[in-house]
Amino acid sequence: RASGIVGREVPLADLERAFHLARGGERQVVFVTGEAGLGKTLLVDAFLTGLDPAIRHARGQCLEDVGAGEPYRPWLDALGRLCRDPAALTLFTRFAPTWVASLPGHTQRPATPEVPAASRSRMLLERAESLEALSAEAPLVLALEDLHWSDPSTLDVLALLAQRPEPARLLVIATYRPVELVVQGHPLRGLKM
């Protein structure tokens, strides 16, 4: 396919290969790295634009926070976009009620009258189970931008998704700036798979 970008054929082909593996049930986590302005987002955009429109995909963005940041921000961002589709919202309500209840603008609540306060491990498992269930219907591609600004909770979800042994038609593409990891002593340095 025509990517519309020059000099990025090899990384674009790498993303295509990862998607091919994910489509076959072998979950994939791919890191796109480089300094600011080198075209990480352009590469990811070219890949996402070239996907068949039937392929579910969503993007989540990490932000450079001045104060305390929102835990799980890019996951909530991506989940909010996915839940614009009523079928996805129904599935997430079933598998991840505590996540859906925390989404701004979503009034649909789980069918059970009371959802117990979710422990951290329950929320992680809900996230993994719900994304895997969604990928069982059709391949799912998630792009997480600027992981060098992510919180530890966001990385926990990413690590859990990457390490689960069950098949999943899931591709997670994460971008980050390597220098920021070193300067900040960011925990992503120890997570890279």
**OP:** Please list, in chain and number order, the residues 5+ apart from ILE173 or on another chain whose amide H is under 5 Å from its amide H, with Hs placed from the backbone.
**Re:** VAL30, LEU142, ALA143, LEU144
Original post:
Each residue of segment 120-135 in order: what ³J(HN,Hα) in whole Hz does its phi give by Karplus 6.51 cos²θ - 1.76 cosθ + 1.60, θ = phi - 60°, with x for Gly and Pro?
Top reply: 4, 5, 5, 5, 5, 5, 4, 4, 5, 4, 5, 5, 5, 5, 5, 6
**OP:** Report ³J(HN,Hα) in whole Hz for each residue of segment 45-60, in order, from the Karplus equation J = 6.51 cos²θ - 1.76 cosθ + 1.60 where θ = phi - 60°; Gly and Pro get x.
**Re:** 4, 4, 5, 5, 5, x, 6, 4, x, 6, 7, 5, 8, 8, 10, x
Original post:
What list of ³J(HN,Hα) couplings, whole Hz, do you get for segment 16-32 from phi and the Karplus terms 6.51, -1.76, 1.60, once you set θ to phi - 60° and write x for glycine and proline?
Top reply: 4, 5, 4, 5, 4, 5, 5, 4, x, x, 9, 3, 9, 10, 10, 9, 10
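Since every read-out is calculated from the coordinates, none of them should be taken as a lab result. Note that the structure is predicted; figures quoted are calculated from it, not measured.
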